[in-house]
1. In what sequence, highest mean first, do A:185-197, B:59-71 appear when ranked by Cβ atoms within 10 angstrom?
2. When averaged across all projection directions, what area in nm² does the alpha-carbon convex hull of region B:274-366 cover?
3. Quick one: Cα centre-to-centre distance for region B:76-98 and region A:51-101, in angstrom?
4. Ranked highest first by the average count of other Cβ atoms within 10 Å around their residues, in what order do A:146-154, B:99-107, A:219-227 fall?
5. Among A:Asn259, A:Thr289, A:Gln300, which residue has its Cα positioned farthest towards the positive end of the charge dipole of region A:233-313, with +1 placed on the Cβ of Lys and Arg, -1 on the Cβ of Asp and Glu, and the dipole taken about the Cα centre?
6. Label region B:306-410 by shape, choosing from rounded, prolate and oblate, from the square roots a ≥ b ≥ c of the eigenvalues of the Cα gyration tensor; if a/c is under 1.5 it is rounded, and otherwise prolate applies when a/b is larger than b/c, oblate when it is not.
7. Over all alpha-carbon pairs of region A:367-413, lay out the pair-distance distribution in 5 Å bins, whole %, shortest bin first.
8. For chain B, set up a GNM with springs between Cα atoms under 10 Å and report which of B:Asp144, B:Asp210, B:Asp159 has the largest fluctuation.
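The values are calculated or read from the model by the stated rules, or taken from the named source; none is laboratory data. In this text the structure is predicted, and so the values were computed from the model without any measurement. Note that we place each Cβ from the backbone using ideal geometry, even for glycine, and neighbour counts take in every protein chain shown. The protein model used for the area step is the full one, side chains on, heavy atoms only, and it has no ligands, DNA or RNA in it. Shrake-Rupley method; radii C 1.70, N 1.55, O 1.52, S 1.80 Å.
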Amino acid sequence: MGCEITPSSKFDRKNYFYPDLPKNYQISQYDIPLCQNGQVSFEFEGELRTVALRRIHLEEDAGKSIHAEVTGDPTRSFMDFNRAGVPLLEIVSEPELHSPEEAIAYCRAVKEILEYIEVSDCNMEEGSLRCEPNLSLRPKGSKELGTRTEIKNKNSFQELIDAMEYEVKRQARILDAGEEVVQETLLFDASTGKTVAMRGKEEADDYRYFPEPDLVHVQISDEWIEESQPTLPELPAARRKRFISDYDISPDNAEFLTNTRPLAEFFDEAARLSGEPTTCANWIMGDLTRLLNTAEIEIQDAKVTPAHLNELIQLIGDATISGKIAKSVLDDAFETGKMPKQIVSEKGLAQITDTSEIETIVLQVVEENPGPAQDYRDGTKKAIGFLVGQVMRATRGKANPQLVNEILTRVLSTD
Amino acid sequence: MQIKDLLCTNGIATTCASRMLAEYIPVYDATAVARLREHGAVLLGKGNMDEFGMGSSTENSAFFPTRNPWDTGRVPGGSSGGSAAAVSAGAAPFALGTDTGGSIRQPASFCGVTGLKPTYGRVSRYGLVAYASSLDQVGPIARDAADCALILQSIAGHDSRDATSLPDAVPDYSAALTGDISGLRLGVPSEYFAEGMDAGVRAAVTAAIDQLAALGAEIREVSLPTTQYALACYYIIAPSECSANLARYDGVKYGYSHQGDGDMWEAMERTRQHGFGPEVKRRIMLGAFALSSGYYDAYYHKAQQVRTLIRQDFAHVFEEVDALAAPVSPVVAFPIGERTDDPVRMYLVDVYTLPVNMAGLPAMSVPCGFSNGLPVGLQLIGPHLSEDRLLNIAHTYQQATEWHRERPGI
């Protein structure tokens, strides 16, 4: 994200009392965070937007409060400390997002990067990705930011949009009435679609930050940064650009193929091996995706590899098998993991390309079907389709359809 | 062995001499305890102390004060009073204490036993209930330097569970006890011999320094000008860190929990109101104030800057000398109740031990005589990671003197 990496950053204690915070202080980073500045770019409404980042820092997670809404018992609340102490990476942007939709696009872009570099599995439902918008309104044309509120507790991008849209309306109502927005943290209640103030005195005015004495400074050397830089994977946006320019595929297809890092890498490798990116793309987006969805697995867990796809494409290319046969070969490879050549030879699926062999069958079919043959000669050119079908049937689909077409046409025309 | 009740012992109550943890039973051993157990040490009991390590007399224990074996009407010192008294009375051959501002050295000196506070980070703090994280250290209290060397050997060394523990290799402390200190440059800081010191203490310490000279040490007068600021500096930094370290005691997870009417916040407040003793509350409030916005720069930040100056003072002096000799405390064991009404008067007994914690240096208390029948301790201070040198000086002194062999009449 183009951040400045702080050579020596420290941890601080953020002191406040709350039952889900076991030590009643949270280890965080106050004034010297791990990273500063930087930016994230993404496509929004057809344009490239770049949002500046303020900082990235590490802190520890608190536990989870479980209240009456979940337990149905209004007399008690429970504390789940399982995640307390787990480290969190907090990425803070500058206030440069101008609509809930834009905010979502930004979040998706960040999520994509984090998934790509395998820092997190970014699962909002499970809580491994949390997006906390800080939202304020101001009169059009005004440069000063209004009072902001922070919204927590959204378990999906949809809830995130709903929460932001509600909050925009809520603040607008308050400001239109001439009143002031209170700076506070709100919880989004998905059942009512509203934001509500958090219970209890969670917001202390003064966190009494001081350097964490139990942890030493984090030193990051220039050498380490230099060594790590090349190990970073190509980020999705860059990869999409490269696919479009180098492989000549459409932006929509590039979007699909870079949806996850394993998928992008699969395509990249297959395209490289075969030299036929468009063909690879079609196979991946079509039949392979169908097989993955039916089996409910991700591409990295499939038995099929770029080498399989490459071999399949070669076999089609040198006319060993037809496109139609290739589909069944792919199905087989997906099931068994066997290489296409092996499957073709084991099952005797090789196309018949011997022209004399085909001609024999063609002649036979024409003789057995005088009606359609005559129709063709009389001008109904599409009657040939039926005859091709018959030849294919006779050869159990193994005749090279192109050759069949050629030979049939020749035979019918010369007779 | 006896273990000060501030160190976690698996399955055995660890109260920190506080009502807050009166029934708390840890599920693990502190690293120092575990290492001693691995070496075959047998636990005889947990040592009484000033609550959470805050105090200089063990009178701040929530349960009862410990009495000095030399005169049961007097304090054993603090905060490791129970540990020092046990060794002094022969109830245990050695004990583990902890030292944040002098809490091993001062009670060792009041009880006539030998104590060592290692370099900050030499011994793991894992399992040590935290008072002031940047000052706390675990160390041995025993009858002589040779025993201290054995104990330190077992507990010292890096621990991956304590990020502040030093990676430096642990030398062979017993092998360092050569009994030879000829040529040792011994500094005597003038600020540690100020007015107001008990005459008997001055006499005993001066005699001890003369004895060290006779044993081959070269005595030099040195100066540590920042000494006068150490007390104020300590009583800002330690309470600040303790205000955060003790925030966890709220009755929610373990320990004393006030039940009754009122909401959750009230329950927390009552838990802390009843669970903590007055000195602990005093220091938490001092600390919270010193860290609060508007005051942080003037107090906490300033104190940390002064701390750097104190550290530099010592570093400067150690370019000229190999170790320092000074009193441990300006007084000997005082009567129980004599200083409990005046916190600052109580704080003053630690003026000579506090600066050492501020600088993170190792130091020892070595019995060197008596004043009015009460033990006096000689303090030896060394540069970073010089425990072997200090132990040798103490050992050499103890080969030539008998003070450490004296036993109280009880």
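1. Going by the mean number of other Cβ atoms within 10 Å, highest first, we get B:59-71, A:185-197.
2. Approximately 8.4 nm², given one-decimal rounding.
3. Here the two parts' Cα centres lie 47 Å apart.
4. Per-residue mean Cβ counts within 10 Å order the peptides as B:99-107, A:146-154, A:219-227.
5. Result: A:Asn259.
6. oblate
7. Pair shares across the bins are 5, 23, 36, 23, 11, 2.
8. B:Asp210
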